[in-house]
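Input: a single structure, listed below in structure tokens.
Every number in this text was worked out from the coordinates using simple rules, so none of it is lab data. Just so it is clear, the model here is predicted, and its values are computed rather than measured. Heads up, the Cβs are rebuilt from the backbone with ideal geometry, glycines too, and the neighbour counts pull from every protein chain shown.
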Amino acid sequence: MKDAYYDPKDLKKFENISDWNPKLGKKFFDYYGSVFEKGSLSVKEKSLIALAVAHVVRCPYCIDAYTQEGLKLGVDKEEMMEAIHVGAAIQGGAALVHGVQMMNVHDKLSM
């Protein structure tokens with residue numbers, strides 16, 4: 001059996017992205033950490049948003065990380081699935097709304 005392209009063990013190596021450029025790595029992780037602190041949104045809400053976005057951008061590492069994080073924060077499977085459906089609806093709607101562009105071009109060229 002072939003090795004998988006995405007290895008779940010690589011998620012633990014995320015912090016190593018700073019190794020080749022510590023200055024930018026530090027800036028990123030400082031920002032990243034600040035984003036996920038409690039603010040107007042709770043940490044749990046931010047985790048659910050991250051889980052939905054992870055699915056939309058198709059990042060298996062992020063999906064793993066935010067599923068685990070959500071479980072630690074008490075997010076239940078129904079909340080996780082609902083968040084994913086929100087992301088899927090936005091992604092689907094974004095694809096469909098571009099149909100207006102197709103309609104505009106069609107109407108312009110079909111005159």
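Just a few scattered comments:
- Helices (runs of 4 or more DSSP H) within region 38-111 that include 2 or more residues in contact with a helix residue (DSSP H, G or I) (Cβ under 6 Å, 6 or more places away or on another chain) and surrounded by 10 or more Cβ atoms within 10 Å (Cβ to Cβ): 43-56, 60-72, 77-97
- Only one of the numbered conditions (1) loosely packed, with under 11 Cβ neighbours inside 10 Å; (2) closer than 28 Å to Ile90 by Cβ; (3) more than 15 Å from the chain's Cα centre (by Cα) is violated by Tyr32, and that is (3).
- Residue match in region 3-13 (condition: surrounded by fewer than 13 Cβ atoms within 10 Å (Cβ to Cβ), without any contact (Cβ under 8 Å) to a residue 12 or more places away in the chain, closer than 21 Å to Leu73 by Cα and out of contact with any His (no Cβ under 8 Å at 6 or more places or on another chain)): yes
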